[in-house]
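Asks: One structure, as structure tokens, below. Some questions next.
The values are calculated or read from the model by the stated rules, or taken from the named source; none is laboratory data. If you're wondering where the values come from, they're calculated on a predicted model, not measured in any experiment. No Cβ is skipped: glycine too gets one built from the backbone with ideal geometry, and neighbour counts run over all protein chains shown.
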Amino acid sequence: MVYNIYTMPLTRAFESYASPVGALSVRCHVLKQDHATALEDFLVQKLPECYATKAFLRERVATTGLSVSEILANKLPDRGNVMSGDFGEVLTLFFLSSERSEPTKLIKKWQYKQDRQKPAPHSDVIIFSTENPSTPSPHDFVICAESKQKATASNQWFPISAAFKGYETDKIGRLARTLAWLREKAIDQGSTQDIALIERFAIGTAVEYSKYFKAVAIIDRSLLDAEITWQIDLPAQDASFEVVVLGISELKQFYETVYERAQREVTLE
């Protein structure tokens with residue numbers, strides 16, 4: 001079980017979006033056109049380790065004689081809904097982490113998939129931050145996000161509403177179940193430090209930590225206005241909960257290219 005700290009400020013690749021009249025009260029950003037290639041390159045580099053550690057890839061290459069690209073392909077989803085959903089979750093993980101000034105520890109739960117053609121279970125995105133690795137602090141926090149993506153037009157799929165419903169599920173109990181599941185995975189595959197980190201949040205201590213819930217929708221730029229003006233009832237938003245919407249042009253082509261390049265360009269370096 002590996003936790004890595006990423007410092008690339010993904011937020012610089014996005015800019016605030018001037019929402020149309022009547023839009024939902026949500027925080028909305030769009031990918032800058034001149035930053036699309038940089039974001040693609042960043043995600044191509046980071047995607048493989050979301051699904052498999054370097055140690056795993058090296059061991060399987062040595063054991064099977066297959067190329068690292070072939071090993072990774074056995075972990076990645078095929079094109080379709082699962083790939084779309086996974087991409088939205090991965091982007092959400094890095095985007096939300098990049099917004100924090102504190103060191104963040106990213107949970108790459110896609111490594112624990114039992115079926116590459118199905119979504120990973122439980123809460124979509126988990127990010128930890130600990131002020132002191134050995135001592136619980138009131139400044140510790142967990143970010144729990146529900147991520148939904150819409151890359152093609154549909155009159156039956158509303159990602160903001162779906163993300164909000166997922167947030168409600170996280171808040172009333174799924175986050176706790178996710179932390180318990182992550183503890184089991186740490187016991188199976190992780191180190192003593194991994195287990196201790198999860199237990200700080202899963203079991204709790206006398207020191208309270210903060211929980212930040214997010215409902216995140218990643219939407220094709222051409223569909224953005226229609227989605228953010230589709231009215232739904234949202235509760236008041238504050239530091240503990242907010243809705244975040246990200247717009248990306250040619251989203252379907254973008255995420256398919258990221259996965260294709262990640263498989264083709266993966267290395268053991």
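Asks: Given Thr135, Thr104, Thr130, which one is among the β-branched types (Val, Ile, Thr) and surrounded by fewer than 13 Cβ atoms within 10 Å (Cβ to Cβ)? It would help to see each step written out before you state the result.
Replies: Working: Thr104 fails: surrounded by fewer than 13 Cβ atoms within 10 Å (Cβ to Cβ); Thr130 fails: surrounded by fewer than 13 Cβ atoms within 10 Å (Cβ to Cβ).
On inspection, the qualifying residue turns out to be Thr135.
Asks: When the residues of region 210-269 are filtered to those that are among the basic types (Lys, Arg) and assigned to a helix (DSSP H, G or I), which remaining residue is farthest from Arg60 (Cα to Cα)? Walk me through how you get there before you give the answer.
Replies: Taking region 210-269 first, the residues among the basic types (Lys, Arg) are 211, 214, 221, 252, 261, 264.
With assigned to a helix (DSSP H, G or I) added as a condition, the list becomes 221, 252, 261, 264.
Details: Arg221: 39, Lys252: 31, Arg261: 20, Arg264: 17 Å.
Filtering region 210-269 for residues that are among the basic types (Lys, Arg) and assigned to a helix (DSSP H, G or I), the one farthest from Arg60 (Cα to Cα) comes out as Arg221.
Asks: What are the residues in region 189-206 that are of a type in the set (Gly, Ala, Ser) and either under 16 Å from Val125 (Cβ atoms) or not in a helix (DSSP H, G or I) (or both), if any? Write out each step before concluding.
Replies: Kept after step one, since they are of a type in the set (Gly, Ala, Ser), are these residues of region 189-206: 190-191, 196, 202, 204, 206.
Listed by number, the residues that qualify are Gly190, Ser191, Gly204, Ala206.
Asks: Kindly indicate whether Thr169 is at pLDDT 95 or above, assigned to a helix (DSSP H, G or I) and surrounded by 18 or more Cβ atoms within 10 Å (Cβ to Cβ).
Replies: Values: at pLDDT 95 or above: yes; assigned to a helix (DSSP H, G or I): yes; surrounded by 18 or more Cβ atoms within 10 Å (Cβ to Cβ): no.
Here the answer is no, as Thr169 does not meet what is asked.
Asks: Take the residues in region 227-254 that are surrounded by 14 or more Cβ atoms within 10 Å (Cβ to Cβ) and of a type in the set (A, V, I, L, M); name whichever of them is farthest from Thr92 (Cα to Cα).
Replies: Filtering region 227-254 for residues that are surrounded by 14 or more Cβ atoms within 10 Å (Cβ to Cβ) and of a type in the set (A, V, I, L, M), the one farthest from Thr92 (Cα to Cα) comes out as Leu234.
Asks: Separate question: Given (1) in a helix (DSSP H, G or I); (2) small (Gly, Ala, Ser); (3) modelled with pLDDT of 95 or more; (4) within 21 Å of the chain's Cα centre (by Cα), identify the lone condition not met by Ala186.
Replies: Ala186 satisfies all of (1) in a helix (DSSP H, G or I); (2) small (Gly, Ala, Ser); (3) modelled with pLDDT of 95 or more; (4) within 21 Å of the chain's Cα centre (by Cα) except (3).
Asks: Moving on to the next point. Out of Glu227, Glu260, Glu256, report the one residue that is without any contact (Cβ under 8 Å) to a residue 40 or more places away in the chain and not hydrophobic (A, V, I, L, M, F, W, C).
Replies: Numbers: Glu227 fails: without any contact (Cβ under 8 Å) to a residue 40 or more places away in the chain; Glu256 fails: without any contact (Cβ under 8 Å) to a residue 40 or more places away in the chain.
When all the criteria are applied, what remains is Glu260.
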